[in-house]
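**Q** Mind looking over this structure? Questions follow.
The values are calculated or read from the model by the stated rules, or taken from the named source; none is laboratory data. None of the values given here were measured: they were computed from a predicted structure. Here the Cβ positions follow ideal geometry from the backbone for every residue, glycine too, while neighbour counts run over all protein chains shown.
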Amino acid sequence: MVATALTKALTHPAAGAALDIEQISHAFDIDGAELPVLSDVSISVEPGEFVALLGPSGCGKSTLLRLVAGLDKPKAGRLREDEERIRRPHPSRVVVFQDPTLFPWRSVWDNVALGLEAQGILRSQRQRVDDALDLVGLSSFRNAYPHQLSGGMAQRVALARALVNDPKILILDEPLGKLDSLTRITMQAELVSLWQRKGFTTLLVTHDAEEALVLANRVVVFSERPARVKADIRVDRPYPRHRGDPYLADLRRQILGLLGLDATW
Amino acid sequence: MSTYSLSDGLASGAPRTSRAPLLATWIRESGVGVLASIAWIAFGLSCLWWEDVGDWSRTHSLGIAAFIIAAIALFGTVGADYLGSAGQALHKRAPWLVALGAFLTVWEVATAKFAWLPLPFFPPPQSIIEVYTDDLPKLLDSVFASVKLQLGGYLIGATIGFLTGVSIGWSRAVGYWVHPVLRFIGPLPATAWLPIAFFTFPSSWSASTFLIALATGFPVTVLTWSGVASVSNAYYDVARTLGAKPSFLVLKVAIPAALPHVFVGLFMGLGSSFAVLVVAEMIGVKAGLGWYLQWAQGWAAYANMYAALIVMSLLCSGAITLLFSIRDRLLVWQKGTVKW
Ligand SMILES: Nc1ncnc2c1ncn2[C@@H]1O[C@H](COP(=O)(O)OP(=O)(O)OP(=O)(O)O)[C@@H](O)[C@H]1O
Ligand SMILES: [Mg+2]
């Protein structure tokens, strides 16, 4: 028991899982009319890759993330994690929603402990909660309630709540969207260093082309609703990346062009 | 610039208060306490000065007690600095002590001394004291019977209501069957069941328990249900992606999120169950404060009625206070998110 725990700790980088999004189409019924949201989307993500999803508002990015998480079933197509069909939510794929959605009746510590508690392993793994809180720098707020946190702190608690489960795939839906630009840049750096240390596969939805380019290996650009993959761009630059990097600036112009803004931007 | 002028104002303001006459400060600090003492002395005098128009045995003791309270108020006020929190508590309640002393004085004079108010219907304070001393065993028996009945019925009703509410809120199938029944039967005042209940139940005690449980159960059910139904899906999504099973979703997501609503239901249930308790005791159960009231009315013992009413209101407000403190303990997390 101890021995396995030790080897597990040593071989820690719980390497990310591969994710296959195969010809996914999805639609919603609104008052009997069908609203197509995703149209034949295929993305194949390597283990440990950091993929950013960019697209116009309302094109279906969050919908795709919900499908990947297993919260909803696609109308057509297949989703697989490490060759296994995704049929329902599983703690190996954790979502950080755009809204932190902390449970207001739980303290910060208890919020972070949620996943371990739900899986019935909290009793033996309390240390992991402390570690996750350390990681996001909120150990001193362990007994605070969510309403006592700032927006950025709440967002970091949501991140800790996801990371404590050692996910193989981390799914982020504009997790930094509401933060001020300073906190945002700090958290971006934290995210990259976490990802590099832990090696999970990351799927990040963002509105911000610059954020996508600073963080991701790969940027997938969607069309207007119903979303199709419009471009799939590899970003081959070492980390940490510099915002003023002319290579990235060039890619940014290209991406904004794909999103329908002219090149003067 | 503005900062400077602000601190200037503060600096010039400070000495002005310290220059104020000592007497004025003392009056502001202790005046109300002294006034309270005077009010109670007045009450004591009003008891002893004139002869009673009737035959009451506690007039003298009551007057002495009033003087003792007056003395406590006076020394408590003068020595407030040495009494710590007790002195502060007295200071806070001093205005109420004044009002109470004045009210008792007027009551005493208007009833026992000059009978301005028609007598058997408006008994003087000493006759109520007489009830508490001379009729204590019966009163205590009644209190005990009422508390037992109320507590049993309330706990049963609250538990069943809570469980039903959670089930309706959670399961569509349960909702399909229970919801219409609830719609149909729930709004009926529980007292309307009274005649039927006393026929069909084996004892009047079980019938009353049923009625109290019914009066409690309906608001608790409805509010628990609406609480569970209004829990945001986002919470369930979060829990599910973290590996939560359905039992976890009910026990650790739905119920804690619905708890503020549940407490509203518990408060409403408490109120309506008091009403049922008194009616049930008056009509069916031959015990308890409701019955005591009825009995006192039968004998035209008005002092006993007032005495019982006072006890009853103390019990009801005590129950509400208890429920409040339970809520405050369970819902600490709400402090700061909503206005209490
Ligand atoms: N539960 C739902 N029922 C019906 N329609 C929905 C539902 N969820 C989303 N939609 C519709 O699907 C479309 C895509 O929604 P989605 O949330 O995926 O957009 P998005 O790309 O994440 O947008 P944003 O960048 O603004 O968050 C929207 O037009 C929305 O109206
Ligand atoms: Mg979205």
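**Q** Could you count how many residues in region A:68-85 are more than 11 Å from chain B (Cβ to nearest Cβ), within 17 Å of the chain's Cα centre (by Cα) and under 15 Å from A:PRO167 (Cα atoms)?
**A** Counting residues in region A:68-85 that are more than 11 Å from chain B (Cβ to nearest Cβ), within 17 Å of the chain's Cα centre (by Cα) and under 15 Å from A:PRO167 (Cα atoms) gives 1.
**Q** Would you check which residues across region B:100-127 are closer than 19 Å to B:PHE67 by Cβ, assigned to a helix (DSSP H, G or I), touching a residue at least 40 places away in the same chain (Cβ under 8 Å) and under 25 Å from the mean Cα position of the chain (by Cα) and list them?
**A** Within region B:100-127, B:LEU100, B:GLY101, B:ALA102, B:LEU104, B:PRO125, B:GLN126 qualify.
**Q** Residue check, A:GLY48 against (1) on the phi > 0 side of the Ramachandran plot; (2) at the interface with chain B (Cβ under 10 Å from one of its Cβ atoms), all met but one. Which one?
**A** (2)
**Q** Follow-up question, since we're still on this one. For region A:48-65, which residues satisfy the criterion of being more than 12 Å from ligand 1 (Cβ to nearest atom) and of a type outside the set (Val, Ile, Thr)?
**A** Within region A:48-65, A:GLY48, A:GLU49, A:PHE50, A:ALA52 meet the criteria.
**Q** Now, a different point. Name, by its number, the condition in (1) within 14 Å of chain B (Cβ to nearest Cβ); (2) modelled with pLDDT of 90 or more that does not hold for A:ILE43.
**A** Of the numbered conditions (1) within 14 Å of chain B (Cβ to nearest Cβ); (2) modelled with pLDDT of 90 or more, the odd one out for A:ILE43 is (1).
**Q** Name the strands (runs of 3 or more DSSP E) wholly inside region A:144-228 in which the number of residues that are away from ligand 1 (no atom under 13 Å from the Cβ) and within 28 Å of A:TRP109 (Cβ to Cβ) is 2 or more.
**A** Qualifying strands (runs of 3 or more DSSP E): A:169-173, A:201-206.
**Q** Against the definition (closer than 30 Å to A:ALA118 by Cα and assigned to a helix (DSSP H, G or I)), how does B:SER142 come out, yes or no?
**A** no
**Q** Checking the conditions here, which among A:VAL68, A:VAL45, A:VAL94 is within 16 Å of ligand 1 (Cβ to nearest atom) and either crowded, with 16+ Cβ neighbours inside 10 Å or free of Cβ contacts under 8 Å to residues at least 24 places away in the same chain (or both)? Let's see the steps before the verdict.
**A** Values: A:VAL45 fails: within 16 Å of ligand 1 (Cβ to nearest atom); A:VAL94 fails: within 16 Å of ligand 1 (Cβ to nearest atom).
None of the others qualify; the one that does is A:VAL68.
**Q** B:TRP291 passes all but one of (1) modelled with pLDDT of 90 or more; (2) within 21 Å of B:VAL264 (Cα to Cα); which number fails?
**A** It fails just one condition, (2).
**Q** Still on this structure, please answer the following. Quick one: how many residues across region B:232-252 are more than 7 Å from chain A (Cβ to nearest Cβ) and either touching a Gly at 6+ places or on another chain (Cβ under 8 Å) or touching a residue at least 40 places away in the same chain (Cβ under 8 Å) (or both)?
**A** 1
**Q** Provide a single number: the residues in region A:93-104 that are facing another protein chain (nearest Cβ under 9 Å) and touching a strand residue (DSSP E or B) at 6+ places or on another chain (Cβ under 7 Å). Working first, answer last.
**A** The initial filter retains those residues of region A:93-104 that are facing another protein chain (nearest Cβ under 9 Å), namely A:93-95, A:97, A:99, A:101-104.
Narrowing the set further to residues that are touching a strand residue (DSSP E or B) at 6+ places or on another chain (Cβ under 7 Å) leaves A:93-95, A:97.
Residues that pass the stated criteria total 4.
**Q** Right, A:PRO56: more than 14 Å from the chain's Cα centre (by Cα) and away from ligand 2 (no atom under 14 Å from the Cβ) or not?
**A** Numbers: more than 14 Å from the chain's Cα centre (by Cα): yes; away from ligand 2 (no atom under 14 Å from the Cβ): no.
Spelling it out, it is not the case that A:PRO56 is more than 14 Å from the chain's Cα centre (by Cα) and away from ligand 2 (no atom under 14 Å from the Cβ).
**Q** Say whether the condition of being closer than 19 Å to A:VAL205 by Cβ, buried (at least 19 other Cβ atoms within 10 Å of the Cβ) and within 16 Å of ligand 2 (Cβ to nearest atom) is met by at least one residue in region A:146-163.
**A** So far as region A:146-163 goes, yes, one or more of its residues are closer than 19 Å to A:VAL205 by Cβ, buried (at least 19 other Cβ atoms within 10 Å of the Cβ) and within 16 Å of ligand 2 (Cβ to nearest atom).
**Q** Kindly evaluate B:ALA239 against the criterion of being farther than 30 Å from A:ASP72 by Cβ and either assigned to a helix (DSSP H, G or I) or of a type in the set (Asp, Glu) (or both).
**A** no
**Q** Looking only at region B:64-79, which residues are surrounded by fewer than 19 Cβ atoms within 10 Å (Cβ to Cβ) and in contact with a Gly (Cβ under 6 Å, 6 or more places away or on another chain)?
**A** B:PHE67
**Q** Additional query: Do we have any residue at all in region A:175-182 that's at positive phi and within 14 Å of another protein chain (Cβ to nearest Cβ)?
**A** no
One line per residue, one yes/no per condition, for (1) part of a helix (DSSP H, G or I); (2) under 18 Å from B:LEU277 (Cα atoms); (3) polar (S, T, N, Q):
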site	(1), (2), (3)
B:HIS179	yes, no, no
B:LEU194	yes, yes, no
B:THR221	yes, no, yes
B:SER226	yes, no, yes
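**Q** A further question follows. Which one of these is away from chain B (no Cβ under 14 Å), under 15 Å from A:THR202 (Cβ atoms) and assigned to a helix (DSSP H, G or I): A:LEU53, A:LEU64?
**A** A:LEU64
**Q** A:ALA17 is checked against (1) under 17 Å from the mean Cα position of the chain (by Cα); (2) modelled with pLDDT of 90 or more; (3) among the hydrophobic types (A, V, I, L, M, F, W, C) and fails just one. What number does that condition carry?
**A** (2)
**Q** Looking only at residues in region B:76-88 that are out of contact with any Leu (no Cβ under 9 Å at 6 or more places or on another chain) and of a type outside the set (Asp, Glu), which one is nearest to B:ILE41 (Cα to Cα)? Before the answer, list the steps.
**A** Filtering region B:76-88 down to residues out of contact with any Leu (no Cβ under 9 Å at 6 or more places or on another chain) leaves B:78-79, B:81-82, B:84-88.
Still in the list and also of a type outside the set (Asp, Glu): B:78-79, B:82, B:84-88.
Working: B:VAL78: 16, B:GLY79: 19, B:TYR82: 24, B:GLY84: 25, B:SER85: 25, B:ALA86: 21, B:GLY87: 20, B:GLN88: 22 Å.
Checked region B:76-88; the qualifying residue nearest to B:ILE41 (Cα to Cα) is B:VAL78.
**Q** Determine whether region A:245-259 contains at least one residue that is under 14 Å from A:PHE50 (Cα atoms) and among the charged types (D, E, K, R). Can you show your working first?
**A** Going through region A:245-259, the residues under 14 Å from A:PHE50 (Cα atoms) turn out to be none.
No; the residues of region A:245-259 include none that is under 14 Å from A:PHE50 (Cα atoms) and among the charged types (D, E, K, R).
**Q** I'm checking my understanding of the structure. Among residues of region A:97-111 that are farther than 25 Å from A:GLY60 by Cβ and either under 18 Å from the mean Cα position of the chain (by Cα) or buried (at least 21 other Cβ atoms within 10 Å of the Cβ) (or both), which one is nearest to ligand 1 (Cβ to nearest atom)?
**A** If we take residues in region A:97-111 being farther than 25 Å from A:GLY60 by Cβ and either under 18 Å from the mean Cα position of the chain (by Cα) or buried (at least 21 other Cβ atoms within 10 Å of the Cβ) (or both), then A:LEU102 is nearest to ligand 1 (Cβ to nearest atom).
**Q** Here is a further query. For region A:229-240, which positions are assigned to a loop (DSSP other than H, G, I, E, B) and without any contact (Cβ under 8 Å) to a residue 40 or more places away in the chain? Break it down stepwise before answering.
**A** Within region A:229-240, the first condition is being assigned to a loop (DSSP other than H, G, I, E, B), and the residues that meet it are A:235-240.
Once the filter is applied, which keeps residues that are assigned to a loop (DSSP other than H, G, I, E, B) and without any contact (Cβ under 8 Å) to a residue 40 or more places away in the chain, region A:229-240 yields A:VAL235, A:ASP236, A:ARG237, A:PRO238.
**Q** Can I ask one more? Identify, from the list B:ALA319, B:ALA257, the residue that is away from chain A (no Cβ under 14 Å) and either touching a residue at least 24 places away in the same chain (Cβ under 8 Å) or at positive phi (or both).
**A** B:ALA319
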